[in-house]
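Report on the following structure.
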Amino acid sequence: MALSHVQFNTMRSRPVQEKNPVERGRDMPPDPESSPVDRLIETVQLGKQIEKTDVRAILTERLLTRVETETSPAAQKLFQAAGKADFEASAAASAADISPEATAGRIVDGITGYIFGAWKLRNPEMSETDFTKFRDLVMQGFEKGLQDAKDILTGLQVLDPELQESIGRTEELVRSQLQSFFDETLSAIREAAGSADEIAGRR
């Protein structure tokens, strides 16, 4: 199946100047250190069986990459300081579980873990306004990343009914869990602000 160099260059998380799988040649095996998008494209080009873990990993990678970009562009040092490496190690250890529940869990863990951690490092005096901005940016990134993943999988002709159903279920779980996180965190921020105002009023 012929793939468009232009179509996928804009979707990849790695620098544009790197060669894509088509340019590397059909006689080279997929690079285990490459991104999920790269690995899947290489696998399709080589005519080999597609690994379901790579298909599901694309959804996680695209969503988290887009949320990172929306909330803290060019802030990899902050993400690392907030525990991104630990998250990636944990996510890799559980990658074999490709159920919607597990995939949604990894996505939500990344957003509420190191991504929110980086936001807190940038906003140590977290106000309600700061958090609602974070919430809105997260959802913007979520929508863009979800569309990215669907476009990639559609372009590779691997978005079959089973996968569509799995992605749909994963999307529902992520939205639900994120909403719970947003509600609980916002409530805690408001409660903390109310306590601070009450203390200040006693002085």
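Quick look at the values:
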{"read-out": "Restraint check, K120/K150; K77/K120; K84/K133; K52/K150, Cα-Cα greater than 24 Å", "value": "K120/K150"}
{"read-out": "Highest to lowest packing among 101-114, 157-170, 70-83, scored as the average C-beta count within 10 Å", "value": "101-114, 70-83, 157-170"}
{"read-out": "Signed unit charges on C-beta, dipole axis of the stretch 51-202, positive-most listed residue V55, F142, N123", "value": "N123"}
{"read-out": "Among 91-99, 116-124, 142-150, the order from most to least packed when residues are scored by Cβ within 10 Å on average", "value": "142-150, 116-124, 91-99"}
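All of the numbers you see were taken from the coordinates with simple rules; none came from a lab. These figures come from a predicted structure and were not determined experimentally. Positions of Cβ are generated from backbone atoms using ideal geometry, with glycine treated the same way; all protein chains shown enter the neighbour counts.
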